[in-house]
1. Taking the simple approach of a point 7 Å from Cα along Cα-to-Cβ for both residue A:42 and residue B:114, what is their distance in nm?
2. At R0 = 22 Å, how high is the FRET efficiency between residue B:34 and residue B:177 if r is their beta carbon distance? Nearest 0.05 is fine.
3. In peptide B:112-120, how many Cβ atoms from other protein chains are near each Cβ within 10 Å, on average?
4. So for each of A:95-107, B:203-215 I average, over its residues, the number of other beta carbons within 10 Å; can you give me the resulting order with the highest mean first?
5. Could you size up the charge dipole of chain A around its Cα centre, putting +1 on the beta carbon of Lys and Arg and -1 on that of Asp and Glu, and report it in debye to the nearest 20?
6. Compare the Cα positions of A:61, A:120, A:21 along the charge dipole of the protein assembly as shown (+1 at Cβ of Lys, Arg; -1 at Cβ of Asp, Glu; about the Cα centre) and return the one farthest towards the positive end.
7. Sequence gap at least 6, Cα distance under 8 Å: using those rules, report the relative contact order of the range A:1-74 to the nearest whole percent.
8. Counting other Cβ atoms within 10 Å of each Cβ, which chymotrypsin sites (Phe, Trp or Tyr not before Pro) in the range B:1-64 have at most 13 and sit in a DSSP loop?
Amino acid sequence: MLKGFMWLMIFLVIGNLLQTMLSLPVVGSVLGMLILFTVLIVRRRSSRSMAVAASHLIHYFTLLILPSAAGLFFLGTTLTDNWLRLLVAIVLGTLISSVVTLLTMQAMVRWQQRRDEAAGTP
Amino acid sequence: MNLQALAHEMMATPALAVVITLAAYMLALSLHQLMRYPSWAPPMLTGSLMLAFFIVVLPINYDTYYLDAHWLTLLLGPATVGLAIPLYEQFQHIKRLLIPVTVSLVIGSITACAATLSIAWALGLSPAILASLAPKSLTTPIAIGVSEGLGGYPGLTAGIVTVTGILAASTIPPLAALLRCQDPRVIGLALGLNGHGLGTARGFGIDPQTGAFASLAMGLNGALSAIVLPLLAGWLNH
């Protein structure tokens, strides 16, 4: 648990360093995640100690996000002046992208099936 | 000593901020269980409402509270880094469907962002609000990270992400039926890509394969958008 936690913190520090040094618009934690994902793909296996630490932390995501999430109710006029337009954009945008995703994946899965069948016949 | 002065004294240490956050979280979990896990009222929504209520009645200044809650939010860093682990483990299972997943992922995540942003832009919303909206389909920790990087409001993003997740989780299964998509891999990918963690939870409620594809789509969309969105924003600002 502690060993995995230390490694996650090391990747976080690397992410933070990269963000500061290259002044990237992505926060250090997301950079750290991308770097760790790349490292796992390169070495072709997961890490037991990091998996244990990560599953504990991920379990409490909602708790860790609550302080930021409560900020929604303290936005004042930013929210009261815009909520309807925001809601329209969210609802329409989500419906459009849901339909597009469903149709694309459906077409692609069928394409793959046809390709597999073609490859299977001599 | 009046209540306000007392609250002020209590805020001299982060203990009170941590206590009210934990209390709101645990109350939200109990409520969720009591209501038999409704997908339209996730603990994130009820918990943040309760937390806001505590902050208002105590009364504490939100900015002071947020600084003190750093004692907890600091752990969001290693937790976000840790998302790489389940993403890698899921990634092992889809090698056979690599092309369909990659193509759908790229088209889906571009649409999720572009459709919403163009509507919001046409409605005349400000750049900071557009920045808060851009990561709306991503899992909350990544979305907050991207929003902060783009100059959005993290609190607004958390709210937008929650609303998006509830919407996607409740509309995608009926939409799939309407469009005659029965393949669990198709429904799963759409749920995870558009509805992040809430969509993924809905997917696991349908069947394990739908859930597995949802959680993969959520992870890959988070990783992809975390790279693409800031680059795109930087390019648009030039």
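1. A separation of 3.3 nm, rounded to one decimal place.
2. Values: r = 30 Å, r/R0 = 1.37.
Efficiency, from the Cβ-Cβ distance: 0.15.
3. Taking all residues of B:112-120 together, the mean is 6.
4. Values: A:95-107: 22.5, B:203-215: 20.8.
Listed from highest to lowest mean packing, they are A:95-107, B:203-215.
5. 480
6. Result: A:120.
7. Once normalised by length, the contact order is 36 percent.
8. On the way: sites: B:25, B:40, B:53, B:54, B:62; in loops: B:40.
Passing sites in the range B:1-64 are B:40.
None of the figures in this text is laboratory data; all of them are computed from the coordinates on show. Predicted model only: the values in this text are computed from it and were never measured. Counting neighbours? That spans all protein chains shown, and the Cβs are built from the backbone with ideal geometry, glycine included.
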